[in-house]
Each structure stands twice: as structure tokens, then as C-alpha cells.
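Here's the structure we're looking at; comments come further down.
Any read-out appearing in this document is the output of simple, stated calculations on the displayed coordinates, not a laboratory observation. Computed from a prediction, not measured in an experiment: that's the story for all the values here. Positions of Cβ are backbone-derived with ideal geometry, glycine not excepted, and every protein chain shown enters the neighbour counts.
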Amino acid sequence: MSGQMFLAYDYPLLSVFWSMLWFFLWIMWFILLFRIVVDIFRDDTLSGWAKAGWLVFVIVLPFLGIFVYVIARGRNMGRREVAQARAQQEAFDTYVRETARGGDGGPSSVDELTRLSEIRARGHITDEEFSRAKELVLSGHGPSERTGAGTSTSSR
């Protein structure tokens, strides 16, 4: 048997674990480095010179710079991240509400159809008038107020 076939036996199991540990620590360090760089630019309380100073410190002396940054500003780092996540969620919620409304601030077609079904349930309009008004609302030709006014004037 040749020595190449037993190559796996030359690397003991403990060495595999140590290699994996160092590899994951190296990856974690890069993740921390990128999060700190993003946090430096995210912080509105720092001046431009302070941001430049922290950035140079983190890039020139990376291990020392990251450890000093985490010790000095680590507590507020999480608060800034949570504040940004809340602001993004509020912006997304506002966008969804405006889009669901149709963007013009008026009632949506769902609101109009709900109102039309309530009017029909009270007996103020017939099934034929309801179906015509529903078609107008779904086609986007206007709110049901105009269709209701149009049907009531035509029945007089």
C-alpha cells in the first residue's frame, strides 16, 4: 500500500477540530469587522472626523481597533441596530398601508365593496344595482357613491 492512501491518517481528529475552531473564529471576526464598519457609518452622533478616526483605527490595527470599539461603543451599537430595524419596519408598514389604499388616500375598492354589501343588506339597493355598482368599483371607474347616486336618480 502506498503512503498516499493513508494521507487521512496523518491528520488526527483533534487537529481537525482545532482547524474548524480557528476557521469559524476567523469567519466570526470578519462578520464583527463588517458590522462595526457599518455601525461607524450608521451613527449620526459621530462627526466626520470621528468616523474617519474609528475607521482608520479599525483598518490599521484591526484586532485592537475592533476590541476597543466593542468595549467603548458596543452597548449603543445594538440600540442603533434596533432603531434602524424599527424605522425600516415602520417605513414598510406605511408603504403597505398606502399601497393597499390605492395611493390616493381615499377608500380602497375593498372598502367600497364592503360599504356596497352593507347597503344591499339594509335593502337600500337591489341586487341588480349592487352588481352594477360592484362592476364599476372593480373596473376602477369611480367610487360607489357616484354609482349609488346614479342609481337612485335613475329610479325616480
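Once you have the Kirkwood Rh of the stretch 3-73 from its Cα pairs, apply Stokes-Einstein at 20 °C and 1.002 mPa s and quote D in µm²/s.
Value of D from the Cα-based Kirkwood radius: 147 µm²/s.
Quick one, what does Rg over Rh come out to for the stretch 13-54 if you take C-alpha atoms and the Kirkwood Rh? Write out the running numbers ahead of the final one.
Numbers: Rg = 16.1 Å, Rh = 12.2 Å.
Reported Rg/Rh (Cα atoms, Kirkwood Rh): 1.32.
When the label point is put 7 Å from the Cα of L32 along its Cα-to-beta-carbon vector, which residues of the stretch 42-76 have a backbone N closer than 11 Å?
Under cut-off, by backbone N: 63-71.
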